[in-house]
Structure formats: C-alpha cells, structure tokens
Amino acid sequence: MENALGQVGYQSTMIIIVFVVLGLGIAALFAALFLPTRWRLPYSMEFLFVGLLLVMVWYGDLRSTEIFEAYQAPLNEEGVLEVGYEPGDGEFDRVIRVLAFQWGFAFINEEDEISRNAAIVEPGERVLFGLFANDVIHGFNIPAAGITAEFEPGAERNVWIRAPEEPGRYLIQCLNYCGVGHSQMKAWLVVLDPNAEDNEEGGA
Amino acid sequence: MASAHDAERMGATPHWEPEDIIGKMTLSTLLFSNDYRHIAIKGMLTSVVMLGLGGLMAVLFRTELAYPGIQILDARPYMSLMTLHGMFMVFGFIIPFVVSIMYYMMPKILGTEQLLWARGAQWSYWLLILAAVLLIISRPDFTWTFYPPMSLRVGGSLVWMGYIAVLLVAISEFLAGAVLLKNGMAAAKRIGYSKLPLMGWGAISEGILLIGSTPILGLVGIVMYTDWLEVTALFDPSRGGDVMTFMFMFWFYGHPAVYLPLMPAVAIVYTLLPRFLGRPIWSYWSAVSAFAILTVLAFIVYPHHFQPAENVSGPLQRAVQILTLAIFIPSTLHVFNWIATLWSDKIPDSARRAVPFKFIIASIFFLMYGGVTAYVNAQIATDSDFVHNTYFVPAHFHAMFVGFMANMAMAGIYYLYPYFTGRMYNQGLGNTHFWFWQIGIFTKVTMMYLLGFNYFPRWVVDYLDLPQWSIPQLILTGAAYLIGLGFILFVYNIMRSANRGVTVSGDPWEIKGGHDAGATKPVPAE
C-alpha cells in the first residue's frame, strides 16, 4: 500500500529481505539434511554471518528511522496542532478530529460538523487526524492509506495520511481490542469524486 | 575442535533406563511425590490436557471465523474463548510443558541426580492448577493482555478471579524460576561453568528471566484487583490513573514471558541434537553467548510492544528499535549452530527414523519462519503501517509458540516416552501426527501472515466479506482442524502405546547406520 509519504515499495523491500534470509536458512537446513556432502564449518563463518546480520540491522534501523522522521516532520510544523490552524496554508489540506468510543468513531471536521460513520476528503489530500478517546484504548487503521495507530484515553495522538486518488469508500477500523463491540467498530473514509455533481455521503 | 569433555558437557549421553514409571505411579505419588520424574510426568500430562482444552477453544472460535458473519458464537463467548485460549496455551500448556521436560532432564544431564527444591516445583504446579480453575470459573473476556481500563469494565462480578489468577500464575512461575536457577547454579558450582551442559545454561537463563520478570506481573495482578475494587486507581485514567503505567509494568513481564517457553525449548534442542546425532554441538561458546545475549535483551526491548507515543519517542524509541532488531543475532547464533551441527557429519539412519528428531527439524524450520519476520515487526515504519495489531503479530508468535516451542515440547515428550513408560510409541501414528502438525502449522502461519499483510484486525468475531480476508480465514480454519486431528492421534498414540507398545530396554535411541567411525562417539548407555 502507498503510505502517506507516497512510498509504495518500502514494505515490500523489507518483506523481500525477510524472505531472502528465510530462503537462505531453509536452503542451509535442507542441505544439511539431504546433501551427501558433509561440511565442517570453520568458526570464522559464524563471525562473517554475524557481520551480515549487523548490516541488516543497520539497514533496517536506517530506513525505518528515515521514514518515521520524514513522516513526523509535518506534524512538528508550527501551529499544526493548535486550534485555529488553517488547513491549506501549510502541510495539510484538511484537519479531522476523531473521537473513538465504545464502539465507533466520530469525525469532527473544521466546521465542527460531526459524522458518526464517515470522514469525507478530496482525492490525494493530505489529511491530519487528531485522535482521541475518553474511555479505553482504541486503534485507528485505514488499510488503503497504510496507517495503524494505537492511542490511549487522555492522550491525543496525531497521524496523517495521503487520501487515495481514486474516489470511493475506504475502510477505517479499530485494531485494538476495546470490548465486545470491537469487531463492529468500523467507519468509512469517503473520497469524493470531484467531477460528480452531488456527492452522496457514504453510509456504513 | 571437540575437546575431551565435550560429550559430557553437551549432554549427549543417554541417562535413563526405560522403565514403566507411569504404570507404577499411584494416586498419591501422582499428586504429592517430590520425585523429579513424578513431578515432570504430572506436569507434562497436565500440559497435554491444557493443550487439549486450549485447542478445543481454538477449534470452536476458528469454526466461527471460517465464514464472515456470526454463526455459532456471539461476541462475548467468543472473546472468553479467545482469552482462555491465550492464557491456557501460554501459562498452562507451553511454559509448564517445556519446564517439566527440563525438570525431567536436568537431574541426570546436570548430574544433580535429583531435582533440587522439588517442593518449589510442586507448589508451582498446584498454584497453576488453582489459577486455571479460577480462570475457568470467571471466564474473563479481556484478552490475555487485559489492557485497562477496558479490562476493568468488562466481565461479570466474578472477573476479580481473573486478576487473582494472574497473581497466582506469577507466583507459580517465580517458584519454577527459582527451582531452575537453583539447579543450574548447583550444577555449575559442581562441574564448573566451562563444563556446564548447555541445558544448565538454559536453566540459568530461564531462571533469571522468570525470577526477574514475574514479580512485576504479580504486582500488576494485585493492582488490577485493587483498581477493580476501586481502592486504587493506578491504571484507570478516568480516576486519575495512567494506562502507560500498566503498559510499562505489564510488558516488562510480557516480553520476557515470550522467552519463557523459548529458553527451555532451545535448551532441549541443544540436549537432543547431540543425542540423536552422536556428536557434540558445533560450537559450545556460541550457544552460551547466545543464551546470555538473549537473556539480557529480553529485559530491555519490551517497549516495542506499544506503539511510539510521547512516552517512548526520540532516542529511547530508536534504541528500542535497534535492540529489537539485534535480537536477530543471538537467535541466529542458535539456528546457525544447529544447522552447522547437522551439516558437520552424516545424520545416522536411527535419527532420521526417530519421530522426536523430525520434530526438532520442524522446530528449527519454524524458528526461522517465525523469526525472520521480526525484522519487519521491529521497524517502527512498518509497524505503523501494517503490523501493529493486525494478524501479522499472531502470525509471528504462532510460528514461534506452535511451530517452534510446541513442536519442541512434542520432541521432548516423544523422546522421554520410552523412558517413563518402558514402551515405544507407535511409529506410524507418530509420523502421521508429525505431518498433520507440520502441514497444519505451516498453512496456518502462512495464512495469518497473508491476513496481516491485508490488514485483518486482531480480536474480531466478525469481519467484512472481502475475498482477501474470507478465503485465508477459511483455509486457516481447515489448518486448525488438521492440527486438532494430529493432536487426537498423538493422545491416542501415547495412551495406547503405554499398554500395547513394543517393550524397549537398553538405549531406545541407539545410534545406528551412517555414522562415521572417526567421529566423536557418545558414551554408551550404562
């Protein structure tokens, strides 16, 4: 999935690395079991291997930190998180506050209009979600936008996404067990069609 | 490379005579005997019962999950089953099972001849039984991580029993840890650290993990109870508490907790591989270092279980990420060591035939299959994308818990079986069990990875009818049935063979065929 920074391949790169390492391991295991050739490994092999792993650790940390910092940067922009921030001036095109409760979401837009089941955005917009809850720990996940966040009562958490370019309805769901209604805690990210005359609001 | 005392310190020698111990056990020895074999057999068989219960729960809720919509279970019974499944499998089945196998093996392999502090093991057992009974009565539905304030507000009037059960589990595990540490240290004192069999290092690591982590779990149980009674409000934000306090406390236990079954399982691999192959482990000190690094890392990486928030950010967050990625290194040292041992010389035909050896190989496979994805889990960027609280996490820990640790528990019980029954299990049934399990576990883990990659949320009874969700769920349910079937075969096998199996004497695992004359011979059976 494309994430907020517009990167598509990052997760796949990591998954590929994982499967290459797994493939090596399985190949070695099968060779050890079924190859007629026996091989007494010298101890130096292990140090070489640990060196290789250290490179992997270094690369994973580097990429992850790079991406996470790039993601956090717009949130650190002056005034973004204050009341009266004018979307469109700076990093974000839209600010939506999200109240998660047992069991549902309430989306509050800049005009203080509340929707219980839909966050309405334009295609390709950069949308800031201010997440908060008063009851229990909830999760916030938009598969189409590549974001999952967990947030606890009393603390506000800010995440942002780049809305999909394709108009339509996209799932928003809770990922953290929050009580028996957890599995019903869903809403929609509605991406409006800019060409359509009257947009209908997505009903869940 | 192999020095003189290698055969001894690798624990490669057979130590017991096949004997019908279980047939001679009476009710009173079963309940109260402090003989190490009696305690261990009791622990193992109880764990098999717990596995049966936990598995039955899994089969029930997997049946519910086979199709979208709600068919047989409503949300609350579903969550109770899921909570009890988690608690029974982790606290009741997997940790006690591998620890019991260690109880059985340590006295002979470490040369202490008896389980020191056996009364601690006895108390540990009975407290765990009490905890299990309390859990069954109270049927909590707050998942095994019981995050407050949710966990303070669900469940009926009996939910306090769940918190007491948590406290009892903590005390039980603490006692088990003390027993393991005592036995490991006593052996080290007697034969020296450089000659200590790897099982001894496993016992020391496991003991440190248990003793270091469980007190805080006990405290969490107590505070949950007093919070629920509204005497305190440490974890409840609506009354001035803080969820993060819980998170830090719980996961300080919670991360070592996932290594609690890992360490004994690893120690059992180190003990059984030389036994089946007739040669020492490739590198003794690599194994010891890996045990030590893993024990240290277990205590400091726990903040990776909650997502980056204000409390875990900046340099701390990055340090946790790096250290979590670094867990790769000791785990790989273990696997590398095992593969190098397998590769270094011919694998005897007797090993290839032995069911426990097959389970060991499958365990090594699953340790890799579950372990590599930790690379993705550990990175904050991927975690905030698709890992956190999707099925990717259960996929990772089911590959480890079931694929590695449960397979190793099975290897352990099949290995010990002739020693405590005096008879051999049925080979055909054992093989069938093996294949049912491996195919089932592989399918299950793969489907879970796939679902996680498709953002399937954890802990849901019902889900949207999307093809990328419903098809893997259906296959996953099929895999669960296959694992269940394998388990039934296993139980039938051990019950039937205890009376009708082939009687064995001498060394049931004697090395035959394909073994080079020049290689280090194990000390023959006494």
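The values are calculated or read from the model by the stated rules, or taken from the named source; none is laboratory data. Since the structure is predicted, the reported quantities are computational estimates derived from the model, not experimental observations. Backbone-built Cβ (ideal geometry, glycine too); neighbour counts: all protein chains shown.
Things to note:
- Of the residues making up the stretch B:135-184, those that are of a type in the set (Gly, Ala, Ser) and either surrounded by fewer than 23 Cβ atoms within 10 Å (Cβ to Cβ) or within 14 Å of chain A (Cβ to nearest Cβ) (or both) are B:SER138, B:SER151, B:GLY155, B:GLY156, B:SER157, B:ALA178.
- Residue in the stretch A:189-203 that is at pLDDT below 90 and crowded, with 16+ Cβ neighbours inside 10 Å present: yes
- Pick from the stretch B:358-390, criterion within 22 Å of B:ALA411 (Cβ to Cβ) and among the aliphatic types (A, V, I, L, M), ranking: farthest from the chain's Cα centre (by Cα): B:VAL372
- Any hit, the stretch A:34-48, residues being facing chain B (nearest Cβ under 7 Å) and β-branched (Val, Ile, Thr): no
- The stretch B:289-317, residues that are crowded, with 18+ Cβ neighbours inside 10 Å and more than 13 Å from B:HIS255 (Cβ to Cβ): B:ALA290, B:PHE291, B:GLN307, B:PRO308, B:ALA309, B:VAL312, B:GLN317
- Some residue of the stretch B:367-382 being touching a Lys or Arg at 6+ places or on another chain (Cβ under 8 Å) and not acidic (Asp, Glu): yes
- For the stretch A:162-173, the condition of being farther than 29 Å from B:PRO148 by Cβ, away from every other protein chain (no Cβ under 11 Å) and among the hydrophobic types (A, V, I, L, M, F, W, C) holds for at least one residue.
- Selection of the stretch B:293-329 for residues being within 11 Å of chain A (Cβ to nearest Cβ) and not in a helix (DSSP H, G or I) yields B:PHE306, B:GLN307, B:PRO308, B:ALA309, B:GLU310, B:ASN311, B:SER313, B:ILE327.
- Restricting A:VAL136, A:VAL159, A:VAL191, A:VAL127 to those that are more than 7 Å from every other protein chain (Cβ to nearest Cβ) and in contact with a Gly (Cβ under 8 Å, 6 or more places away or on another chain) reduces the list to A:VAL191.
- Within the stretch B:348-377, if we keep just the residues that are facing chain A (nearest Cβ under 7 Å) and in contact (Cβ under 8 Å) with a residue 24 or more places away in the chain, the residue that is farthest from A:PHE19 (Cα to Cα) turns out to be B:ILE364.
- Condition met for B:PHE386 (facing chain A (nearest Cβ under 7 Å), among the aromatic types (Phe, Trp, Tyr), assigned to a helix (DSSP H, G or I) and under 30 Å from A:PHE140 (Cα atoms)): yes
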